[in-house]
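As structure tokens, the structure follows; a few thoughts come after it.
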Amino acid sequence: MTVNYSKILDHMVETAREAGALTLEHFKRFRDIEIGIKGPGDFVSDADKQSETLIRERLLSQYPWGLTGEEFAPVEGSDSEHRWLVDPIDGTTNFIYGQHYTITISLRRGNETMCGLVYNPVSEEMFTAIKGEGAYLNGTRLNVSTSTDVALMCVGTGLPTPNLSLHPGAYQRLDEIRAPIGAVRIVGSAANSCAYVACGRLTGYYEETGFVDTAAGILIVQEAGGIVTDWWGRGPEVFEKTGTLIVANPATHAYLLERLRGAPPKDAA
């Protein structure tokens, strides 16, 4: 089966821009937004649901394949090989506090991500990649940072609350990591954190997070020359299931691997 992923990516970009325009209307009213609580520190808004509904309609009307999103039950499609992964607002907490968020869409074929995007509607930044064809920001080719100096490393992560600290020892690990490096940054969106590694704003990123959030970002980083493993150096057969990610340039990956691999390994189910 021959598939034109370039054409599909164009459709994804158009769809993401529509969803971006919709969510921005809510974003401008972030102080008044109606929020439902999914759990401690995990919010869902009307904007999430409206964004995913729009994305589902646009994608499935053109390519009626399986789809897994963040807000609604998965659907099965006419092609068992392909599946859409959609996070209609990645960084929902950022969103409801008027901070940058992203929309992320990826297309899987079997066990591979074939194309994906991470879109920041606030900054008008569209990160895209097709497998084997490089990564781009608004049409400009991306490469990860070439820095190897530990003192200049800038590492992204999240700061979980006790209820969201899924892997024990989060703050102890952060303390060990942060001491010799240049900076730690909390971007607040897993997808955007990956995109920032791809364009060199971060030299690396580690967290335990969902694969729907990061599938596109992982591809973008890999296509920009970065390395992606779990915290113990294992590949997609593990990190796609556990979400324990290191996403980094080669030097920062080696540094984070050394600091994180002492944690009790988390195995794929």
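The values are calculated or read from the model by the stated rules, or taken from the named source; none is laboratory data. Predicted model, so just to flag it, every value in this text is computed and none were measured. Cβ coordinates were reconstructed from backbone atoms using ideal geometry, including for glycine residues, and neighbour counts include every protein chain displayed.
Summary of computed values
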{"read-out": "Condition broken by Tyr136, with the remaining ones in (1) in a loop (DSSP other than H, G, I, E, B); (2) outside the structural domain of Leu245 (by TED's automatic domain parsing) satisfied", "value": "(1)"}
{"read-out": "Pair list, Cβ < 6 Å and 6+ apart or interchain, from region 187-203 residues that are aromatic (Phe, Trp, Tyr) to residues that are surrounded by 24 or more Cβ atoms within 10 Å (Cβ to Cβ)", "value": "Tyr196/Leu202"}
{"read-out": "Any chance Ile181 is in a loop (DSSP other than H, G, I, E, B), surrounded by 14 or more Cβ atoms within 10 Å (Cβ to Cβ), aliphatic (A, V, I, L, M) and out of contact with any Pro (no Cβ under 9 Å at 6 or more places or on another chain)", "value": "yes"}
{"read-out": "All positions within region 101-154 that are basic (Lys, Arg) and touching a residue at least 60 places away in the same chain (Cβ under 8 Å)", "value": "Arg108, Arg109, Lys131"}
{"read-out": "Residue match in region 76-91 (condition: farther than 14 Å from Thr104 by Cα, of a type in the set (A, V, I, L, M) and assigned by TED's automatic domain parsing to the domain that holds Leu117)", "value": "no"}
{"read-out": "Options Arg259, Arg234: the member that is outside any helix (DSSP H, G or I), surrounded by fewer than 24 Cβ atoms within 10 Å (Cβ to Cβ) and among the charged types (D, E, K, R)", "value": "Arg234"}
{"read-out": "Condition check for Val155: under 25 Å from Asn111 (Cβ atoms) and either at pLDDT 95 or above or not in a loop (DSSP other than H, G, I, E, B) (or both)", "value": "no"}
{"read-out": "Answer residue from region 53-90, given it is in contact with a helix residue (DSSP H, G or I) (Cβ under 8 Å, 6 or more places away or on another chain) and charged (D, E, K, R) and is farthest from Asp10 (Cα to Cα) among those", "value": "Glu71"}
{"read-out": "Residue within region 90-101 that is part of a strand (DSSP E or B), modelled with pLDDT of 95 or more and not aromatic (Phe, Trp, Tyr) present", "value": "yes"}
{"read-out": "Residues of region 184-200 that turn out to be surrounded by fewer than 20 Cβ atoms within 10 Å (Cβ to Cβ) and either part of a strand (DSSP E or B) or in contact with a helix residue (DSSP H, G or I) (Cβ under 6 Å, 6 or more places away or on another chain) (or both), as a count", "value": "2"}
{"read-out": "Residue within region 175-191 that is hydroxyl-bearing (Ser, Thr, Tyr) and under 24 Å from Arg83 (Cα atoms) present", "value": "yes"}
{"read-out": "Subset of region 83-99 [buried (at least 20 other Cβ atoms within 10 Å of the Cβ) and in contact (Cβ under 8 Å) with a residue 60 or more places away in the chain]", "value": "Leu85, Val86, Asp87, Pro88, Ile89, Asp90, Gly91, Asn94, Phe95, Ile96"}
{"read-out": "Of all residues making up region 201-214, the number that are surrounded by 24 or more Cβ atoms within 10 Å (Cβ to Cβ) and among the hydrophobic types (A, V, I, L, M, F, W, C)", "value": "1"}
{"read-out": "Count of region 48-76 residues which are surrounded by fewer than 17 Cβ atoms within 10 Å (Cβ to Cβ), in a loop (DSSP other than H, G, I, E, B) and touching a strand residue (DSSP E or B) at 6+ places or on another chain (Cβ under 7 Å)", "value": "2"}
